[in-house]
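Structure first, commentary second.
Each reported figure results from applying straightforward, stated rules to the coordinates on display, with no laboratory input. This is a predicted model, so every value here is computed, not measured. Please note: Cβ atoms are built from the backbone with ideal geometry, for glycine as well, and neighbour counts cover all protein chains shown.
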Amino acid sequence: MVEKTEGKYAGEAIVSEANGARSRDAIVVVSGSGILSAMTVLGRTLVGAAGAAVAFAGNVGNGAMGAITVGGAAKLGVYKLVITEPATNAGSFIVEDPDGKFVGRGNVAAAFNGGGLSFTLADGATDFVAGDGFNITVSGGTVKHTDFDATATDGSQVAVGILYDGVDATAADVRAVAFSRDCEVNKAELVFTGAPDAGQKAQAYADLARAGIIAR
């Protein structure tokens with residue numbers, strides 16, 4: 001006798017959701033994600049974005065921003081870099097993301113990597129002073145979803161939603177629906193790809209809770 005394993009049904013883990021379509025979003029699952037079943041915990045990644053820096057009006061220092069590399073963990077919008085501790089031919093700065101969250105501290109003339117951005121702020125003939133800075137605009141990209149991976153560095157290490165129904169995104173992007181906010185789910189029915197440990201799953205549940213998705 002052949003045994004068959006029943007897969008997950010669309011929406012199976014949902015205990016409650018908001019009225020109308022408030023809890024759901026139309027999303028794109030990025031090519032290469034493979035075959036994902038319904039109720040897969042999702043992360044996000046940014047594809048095809050670029051960064052451009054503009055110095056604050058009134059900057060005293062005349063150091064210049066080098067090439068900016070935008071990774072999948074970046075957010076669309078305007079990052080802010082502010083010099084906090086000036087020094088001769090040096091200095092340190094902080095960077096905030098478009099939501100005003102601290103993403104890292106860096107040094108003038110040294111490589112910075114944080115918040116999905118990589119760059120080097122060069123020293124100039126005139127040193128920076130406290131309060132000098134740059135607005136770094138990340139634009140032109142598309143936010144796409146993939147399966148949550150606690151070990152990733154492309155943004156998908158943060159759980160942001162739950163896939164409504166199964167998709168095959170092995171060779172192409174696929175349009176889908178995800179639960180993104182204001183719902184309760186049965187955590188026993190959620191699907192994690194790979195083999196996250198208990199701590200990594202706990203982190204995913206905490207990420208989802210910040211988005212308004214309560215796993216019980």
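Relative contact order for the chain: 33 percent, from Cα pairs under 8 Å spaced at least 6 residues apart, divided by residue count.
Sorting Arg216, Arg22 from the fewest to the most surrounding beta carbons within 10 angstrom yields Arg216, Arg22. Using the Karplus relation 6.51 cos²θ - 1.76 cosθ + 1.60 with θ = phi - 60°, the per-residue 3J(HN,Hα) values for the range 10-15 come to 4, x, 4, 7, 6, 8 Hz, with x marking Gly and Pro.
Treating r as the C-beta distance of Asp182 and Asn135 and R0 as 30 Å, the FRET efficiency rounds to 0.40. For the chain, the alpha carbon convex hull comes to 143 Å³ per residue, rounded to a whole number. Between the C-alpha center of the range 97-129 and that of the range 1-80 there is a gap of 24 Å.
Under 5 Å between amide hydrogens, built in the peptide plane, is the criterion, and for Gly43 it picks out Thr146, Asp147, Phe148, Val160 among residues at least 5 positions away or on other chains.
Amide H contacts under 5 Å for Ala73: Leu46, Gly155, restricted to partners 5 or more places along the chain or on a different chain, H placed in the peptide plane at 1.01 Å from N.
Near Ala169, the amide H atoms lying under 5 Å from its own belong to Gly34, Ile35, Leu36; only residues 5 or more places off or on other chains count, and H is placed 1.01 Å from N.
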